[in-house]
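S.K.: If you scroll down you'll find the structure; I have some questions about it.
The values are calculated or read from the model by the stated rules, or taken from the named source; none is laboratory data. Computed from a prediction, not measured in an experiment: that's the story for all the values here. Glycine gets a Cβ as well: all are built from the backbone with ideal geometry, and neighbour counts include every protein chain shown. Accessible surface areas use protein heavy atoms only, side chains included; no ligands, DNA or RNA. Shrake-Rupley method; radii C 1.70, N 1.55, O 1.52, S 1.80 Å.
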Amino acid sequence: MKKNVNTVSQTPPLGAGGLAIIDYGAGNVQSVLFALERLGFEGNVTNDWNAIKAADKVIFPGVGEASSAMKMLEDSGLDVLIPTLKQPVLGICLGMQLMCQHSEEGNTNGLGIFDVNVVKFSNEVKVPQMGWNTIYNLKSALFDGIKENEFMYLVHSYYAPLSENTIATTNYELAYSTALQRDNFFGVQFHPEKSGIFGEQILKNFLNL
Amino acid sequence: MLTKRIIPCLDIKNGRTVKGVNFLDLKDAGDPVELAKKYAQTGADELVFLDISATEERRATLIDLVRKVAAAINIPFTVGGGIASVADVDVLLRNGADKISINSSAVKNPNLINEIAAKYGSQCVVVAIDAKQIDGDWIVHLVGGKVPTEWNLFDWAKEVEQRGAGEILFTSMNNDGTKNGFANEALAKLSEIVNIPIIASGGAGTMEHFAETFSNGKADAALAASVFHYQEIEIPALKQFLKNQNIAVRM
């Protein structure tokens, strides 16, 4: 097996709690893990309350369908834990959508962290939006070193409209929130783990918060 | 603005690339991981790996390859070939594939599309359709175009969309290998009748062909193999060309 030679020279600024990646049965956790590995970080994939609470950073991934993913969160009680977390939390794709008030997908009540309701794109455009689109109006340390209109990889049928929590915008049918932030909670609609070197930079920025 | 995607396709047999690979500056041009990295670095928007091996050990070899590719590249990739069950999908996704592509197995068991979409979401289900135009009708074919089915291309496309496919990869058997351009008329019609993204495949020979399939064929992405593998077309030059034609691409 190839050893990750960056681990020592690029010691992550994470404390003893490390990085927890929430495991609730939904989502392509492996892609996130590989991206972190390329950056010299390790993640602890877990659904353990104590491990998640003690972590210095938490990533909340997710792909798939909203109502069944929410059901899995509820089954493990993580729906109660996540909104109470105090450390930086990053929701990715469906993870971000579940952090909102509600999703039109499966008429799902979310975690209510971001004060916005997720709705579906209309048939005026192809659904899902699939591919590389630009992000702009960047308003967070999450985007340090990222220039306006950089490309990110997106795959989604539902979107969060613009709100006071919006920290990045993308246009598809209309201008919508491609990233959200409230206090210690961050959410990105795009996949930083699949968005080339600039996506990796965003992951790194999160880990350095 | 959402950009048009350029997708190199690598045919894999027993964990190695099989044809049309001719990069002089690679130590091992048969190594799919090396090639994948090369394509990711030079601006490919996604990659497709098509497993065409037929041995018993193929699954394990493929899974090992998927893991190595996923560890090495930072763009999305799709794996196709021989996927016939939800269990097949599960192991590929767990090892880092972003999407899977099904073809014959979807025709034989259309419910497979519903099952995969329900479990993992439509975004990871690509249905590949090989079709041949016979007396004006586009007929869906299996086994690399050898076996005709009862399905008309457009009816089958609607069917797979309704069942939860997130994307269609349409290969025209009439155009494949000709280097005379993509089947733009059929592609444009596909884009009219379904509302999911369409990947054009079969017929790429020149940069103009890509421009035509995006403008006239209304394709959302274009896939090709040999023109990229033999470096007849370099991806950075292709993207610059498309940009000059006012086609939105990621530079």
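S.K.: Counting only other chains, what is the mean number of Cβ atoms within 10 angstrom of the Cβ of each residue in peptide B:90-98?
M.R.: 4
S.K.: Here is a follow-up. Counting only other residues whose beta carbon sits under 9 Å from that of B:Ser191, what net charge do I get with K and R as +1, D and E as -1?
M.R.: The answer is +1.
S.K.: Calculate the dipole size of segment B:176-233 relative to its Cα centre from +1 charges on Lys and Arg beta carbons and -1 charges on Asp and Glu beta carbons; express the result in debye to the nearest 20.
M.R.: 60 debye
S.K.: Summing +1 for each Lys or Arg and -1 for each Asp or Glu, what net charge is found among the other residues whose Cβ lies under 14 Å from the Cβ of B:Ile134?
M.R.: So the environment of B:Ile134 carries a net charge of -2.
S.K.: Could you please state how large a percent of the accessible area of chain B is carbon and sulfur, counting protein chains only and using a 1.4 Å probe?
M.R.: Ligands and nucleic acids excluded, carbon and sulfur give 48 percent.
S.K.: If you roll a 1.4 Å probe over chain A with all protein chains in place, what percent of the accessible area is carbon or sulfur?
M.R.: C and S atoms contribute 49 percent here.
S.K.: Work out the mean other chain Cβ neighbour count within 10 Å for the residues of A:122-135 and drop it here as an integer.
M.R.: What the average comes to for A:122-135 is 6.
S.K.: Something else now. What longest range of chain A stays clear of loop-exposed trypsin sites (Lys or Arg not before Pro) (DSSP non-H/G/I/E/B, at most 12 other C-beta within 10 angstrom)?
M.R.: On the way: sites that count: A:Lys2, A:Lys3, A:Lys86, A:Lys139, A:Lys147.
Here the longest run is A:4-85.
S.K.: Follow-up question, since we're still on this one. In segment B:7-244, what percentage of the DSSP-assigned beta bridges are antiparallel, given to the nearest 5? The partial results should precede the final answer.
M.R.: Details: 10 of 39 bridges.
That works out to approximately 25 percent antiparallel.
S.K.: I'd like the distance between the alpha-carbon centres of segment A:116-170 and segment B:78-127, rounded to an integer number of Å.
M.R.: That distance is 27 Å.
S.K.: Let me ask another. Accessible area drop of at least 50 Å² (1.4 Å probe, protein heavy atoms): which residues of segment B:194-212 qualify, relative to the chain alone?
M.R.: B:Asn195
S.K.: Evaluate the relative contact order of chain A (contact order divided by residue number), counting alpha-carbon pairs under 8 angstrom at least 6 apart; express in whole percent.
M.R.: The value is 19 percent.
S.K.: For segment B:101-176, which trypsin sites (Lys or Arg not before Pro) pass both filters: DSSP loop (anything but H, G, I, E, B) and at most 16 other C-beta atoms within 10 Å?
M.R.: Those satisfying the criteria are B:Lys146.
S.K.: Suppose only helical runs count, i.e. DSSP H with n ≥ 4. What mean residue ellipticity at 222 nm does that imply for chain B under -39500 (n - 2.57) per run, divided by all residues and rounded to the nearest 500 deg cm²/dmol?
M.R.: -10500 deg cm²/dmol
S.K.: Taking 40 Å² as the minimum loss, tell me which residues in segment A:144-172 lose that much accessible area going from the chain by itself to the full protein complex (1.4 Å probe).
M.R.: Residues of segment A:144-172 that lose at least 40 Å² of accessible area once the other chains are added: A:Phe151, A:Tyr153.
S.K.: Return the loop-located GluC sites (Glu not before Pro) in segment B:49-127 (DSSP other than H, G, I, E, B) with at most 11 other Cβ atoms within 10 Å of their own Cβ; answer none if there are none.
M.R.: Hits after loop and neighbour filter: B:Glu56, B:Glu57.
S.K.: Run through segment A:11-104 and list the GluC sites (Glu not before Pro) located in a DSSP loop whose Cβ has at most 16 other Cβ atoms within 10 Å.
M.R.: A:Glu42, A:Glu104
S.K.: Further, regarding this structure: Rounded to the nearest 100 Å², what is the buried accessible area between B and A, both sides summed, probe 1.4 Å?
M.R.: 2500 Å²
S.K.: Rounded to the nearest whole Å³, what is the per residue volume of the convex hull around the Cα atoms of the protein assembly as shown?
M.R.: Details: hull volume 63.5 nm³, N = 460.
Here the figure is 138 Å³ per residue.
S.K.: Shifting gears a bit: Would you mind getting the accessible area per residue of segment B:7-244, heavy atoms of the protein chains only, 1.4 Å probe, in Å²?
M.R.: Solvent-accessible surface per residue comes out at 39 Å².
S.K.: If you put +1 on each Lys and Arg Cβ and -1 on each Asp and Glu Cβ, how big is the dipole of segment A:6-207 around its Cα centre, in Debye rounded to 20?
M.R.: Its charge dipole is roughly 280 debye.
S.K.: Okay, next question. Using the charge dipole of the protein assembly as shown (Lys, Arg: +1 at Cβ; Asp, Glu: -1 at Cβ; taken about the Cα centre), state which of B:Ala165, A:Tyr24, A:Leu209 has its Cα farthest towards the positive end.
M.R.: Farthest towards the positive pole: A:Leu209.
S.K.: Averaged across the residues of B:2-14, what count of C-beta atoms belonging to other chains lies within 10 Å of each residue's C-beta?
M.R.: 2
S.K.: Related question: Segment B:136-156 to segment B:190-218: how many Å between their Cα centroids?
M.R.: 19 Å
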